[in-house]
Amino acid sequence: MKTYKPRTKSRRQMTTISFGDFVTTSEPEKSLTHGFRRQMGRNHHGKITTRHKGGGVKRLYRDVDFKYDKINIPYTIKTIEYDPNRTGFIGLAQYRDGEKRYVLLSKQVKVGDVMVTSETAEPKIGNRLPLKNISVGTFVYNVEVKPQGGAKLARSAGNFIEVVAKDAGYVDIKLPSTEIRKVLETCWASIGDVSNEENRLVNLGKAGRSRWLGIRPTVRGTAMNPVDHPHGGGEGRQGRGRRRAISIYGKPTGKGQKSRTPKKYSNKFIVSRRKVGKR
């Protein structure tokens, strides 16, 4: 982590990641980038579905390969790059047939490392195998939920999933949230954990830096009027006046309250629910 001399109030607590220690180039591969318009938390009707999003600096999108559909063709990591659209580092992978793709990297990967996606691959960092061929206790990332559906789980900086058991065509995996769930043994996963684990230690230091990231201010419900939030109103500072905290939409929120749909289709795959509170 990089710290700064406290020449201003915002600099005193501000920290950033020392990208120079990890990133090898500042110019992305042009053929794998394109412009895009972020949704800013709105749906196709323009209605806000996720609050506190909007603004932020313009970004160039990097096409990261989460399908990994080039089987049994080794590739070499040519560069390690920063991606403004995700917290982990990405790498430019050049396959033996000449094709280039961006892939999400594990923290132990270096420029020049050779990796492969194969059922018979050696279980080393960066290689990708079906879960049935990965031994219990191994840390993995970029895990599929459905076979050939592309990597969906454990893609944020520093995250990993632990393989904890195998039984009857399914593999039990322990997610970063501490939830244990079943996925089919034919789903694929990459060995290792996602790079840039120090990302969680970053202190933005000032409000402006949040706005650069596209994060808008969050106002407490208790500071609002009754018309704007269920917790609003009252003379002076008041309690919320109800047993459980709820969101602006009246749904349970915070304090470890269960908000998952009781009859969700994937409940049957959950072996152990996530543990709330401090971990």
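Laid out as a table, the results:
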| read-out | value |
| --- | --- |
| Cα-derived Rg over Rh, computed across the chain with Rh taken as Kirkwood radius | 1.01 |
| Dimensionless Rg/Rh of segment 1-60 - Kirkwood Rh, Rg from C-alpha atoms | 1.12 |
| Spread of Cα-to-Cα distances over 10 Å intervals beginning at zero, given as percent, for segment 36-172 | 10, 36, 32, 17, 5 |
| Contour excess over end-to-end distance, with Cα ends at residue 9 and residue 38 and 0.36 nm allotted per residue | 7.3 nm |
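Read-outs: derived from the displayed coordinates by stated rules, not from any lab. It should be emphasised that the depicted structure is a prediction, and the values quoted were computed from it without experimental measurement.
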